[in-house]
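What follows is one structure encoded as structure tokens, with my remarks underneath.
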Amino acid sequence: MSFLGNFVSGFEKSPHLIYWYLGGISYVFGGLMYTLRIPEKYFQGKFDYIGASHQILHIFVNVGFILHYLGCVDSYYYRVENKCPVK
């Protein structure tokens, strides 16, 4: 089975992992927006007070935090409902 097939089948076994991956993507995307200074690089003077890359970074970090929190809660309930078979 290919890497992508294993990656997708992992979500079937543990559907709560999607929150962790989306949270990580949110962190990285926010960091890239800040590092590349988008949108103020392309629209100089327009985003000095609202919509600057630093504010966008904080929005995506908070979205990532919420997604990771939901992943933790979902992982907890998954573990409670599916007991470990090894005793």
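The values are calculated or read from the model by the stated rules, or taken from the named source; none is laboratory data. Since we're looking at a predicted model, the values are computed, not measured. We place every Cβ from the backbone using ideal geometry, glycine too, and count neighbours over all the protein chains shown.
Are any of the residues in the stretch 24-45 in contact with a His (Cβ under 7 Å, 6 or more places away or on another chain), crowded, with 17+ Cβ neighbours inside 10 Å, at pLDDT 90 or above and assigned to a helix (DSSP H, G or I)? Give the steps one after another, and end with the answer.
Kept after step one, since they are in contact with a His (Cβ under 7 Å, 6 or more places away or on another chain), are these residues of the stretch 24-45: 34.
Keeping just the survivors that are crowded, with 17+ Cβ neighbours inside 10 Å gives 34.
Of the ones still in play, those that are also at pLDDT 90 or above are 34.
Still in the list and also assigned to a helix (DSSP H, G or I): 34.
Yes, there is a match, as at least one residue in the stretch 24-45 is in contact with a His (Cβ under 7 Å, 6 or more places away or on another chain), crowded, with 17+ Cβ neighbours inside 10 Å, at pLDDT 90 or above and assigned to a helix (DSSP H, G or I).
Evaluated against (1) in contact with a Pro (Cβ under 8 Å, 6 or more places away or on another chain); (2) without any contact (Cβ under 8 Å) to a residue 12 or more places away in the chain, Asp74 falls short on exactly one condition, (2).
A residue that is among the acidic types (Asp, Glu), surrounded by fewer than 12 Cβ atoms within 10 Å (Cβ to Cβ) and not in a helix (DSSP H, G or I) cannot be found anywhere in the stretch 72-86. Would you confirm whether any residue within the stretch 25-32 is touching a residue at least 40 places away in the same chain (Cβ under 8 Å) and within 19 Å of the chain's Cα centre (by Cα)? Yes: one or more hits.
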